[in-house]
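Since the structure comes first, as C-alpha cells, the remarks are kept for the end.
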Amino acid sequence: MRNAIDGHAGYSILTPAERAAVLNAIDTCSAVLEIGTFQGTTVSEWAKRRPMASFLSVDNFSWVGDGSRRENIGRWIDNQQPNMRLFVGTVQELFDFCSYFPHLDLVIVDGDHSYQACKKDLATAKALLRIGGTIAVHDYATDNPSLCGVTKAVDEFCAEYHVSIHHTKGTVAFIQC
Ligand SMILES: C[S@@+](CC[C@H](N)C(=O)[O-])C[C@H]1O[C@@H](n2cnc3c(N)ncnc32)[C@H](O)[C@@H]1O
C-alpha cells in the first residue's frame, strides 16, 4: 500500500489510521526506534508532530520497492527532521556496534517480514526497551499470506516473554512489555 503524506517526500506503507495509532503511542515517549524506515516518510510525519521526542531509524535498504536504494536513502534525507537520525544496517548490527542505549520507550518493527528475521528483531527490540515500554509491529494478522511469518513471530514472542498485545489498529499490534 502506498500512502502519500502532504509535505513529505515519497510514500508511507502505513495507512492513515495506523499512523495515527502509532502517533498516539508516541505521545508520552522521548526515545523511539523504528526498524524498517524505507523512505522515512512515516517517521518524518511522527517526528514533525512530536518534536520533543528523538527518533532513530534503522534500515539496511535491502528492499527498494519500485525505486532504488539510492533514491530511498535520498528521500529519507529529504524527509529528515531535526529530531531524526538514521543507522544503515540491521538492528542487530546497531546493537553490536553500540550495546549501550538509553532505554527506549517505543520500538516500531517493520523491517524484514520473514518469520526468523522478525523474531530476531522482536528479541533485539525487547533488549533495547525500557520496562513497560511498547513494541508496535506492522503487518500483524494481515491477510497477505507472504507476510504471515510476522504474526507467527509475534505470537511466539508474546508467549516466550510473557507479554501480550495491548491493542491493535489496522495491522499494527501494540505489545506492552
Ligand atoms: C515495509 S518497509 C518499511 C515501511 C516504513 N516503515 C513505512 O512506514 O513506510 C520495510 C523496510 O525494511 C527494510 N528491511 C528489510 N530487512 C531489514 C533488516 N534485516 N534490517 C533493517 N531493515 C530491513 C527494507 O529495506 C524496507 O525499507
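Read the figures in this text as sums done on the coordinates, not as results from a lab. Keep in mind that this is a model prediction, so the values were computed, not measured. Neighbour counts are summed over all protein chains in view; Cβ atoms, including those assigned to glycine, are modelled from backbone coordinates with ideal geometry.
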Loop only per DSSP, at most 12 neighbouring Cβ atoms within 10 Å: give me the chymotrypsin sites (Phe, Trp or Tyr not before Pro) in region 73-135, ordered by residue number. Tyr100
Suppose R0 equals 22 Å; then what is the FRET efficiency for Tyr161 and Asp96 from their Cβ-Cβ distance, rounded to the nearest 0.05? 0.55
Within straight cross-link reach of Lys126, meaning Cα distance under 17 Å, which aspartates and glutamates are found once same-chain residues fewer than 8 apart are removed? Glu34, Glu93, Asp96, Asp105, Asp110, Asp112, Asp155, Glu156, Glu160
For region 1-95, alpha-carbon Rg over 2.2 N^0.38 Å: 1.00
Select from the chain the helices, each a whole stretch of DSSP H, whose alpha-carbon atoms run 27 Å or more along the helix axis and whose Kyte-Doolittle mean is at least 1.0; answer none if there are none. none
Stokes-Einstein, Kirkwood over Cα pairs, region 6-52, 10 °C, 1.306 mPa s; D in µm²/s equals 144 µm²/s
DSSP-assigned coil residues among trypsin sites (Lys or Arg not before Pro) in region 1-90, each with at most 14 further Cβ atoms within 10 Å: Arg2
Could you work out, for region 30-177, what percent of all Cα-Cα pairs fall into each 5 Å distance bin, beginning at 0 Å and stopping at the bin that holds the largest distance? 2, 10, 19, 23, 22, 16, 6, 1, 0
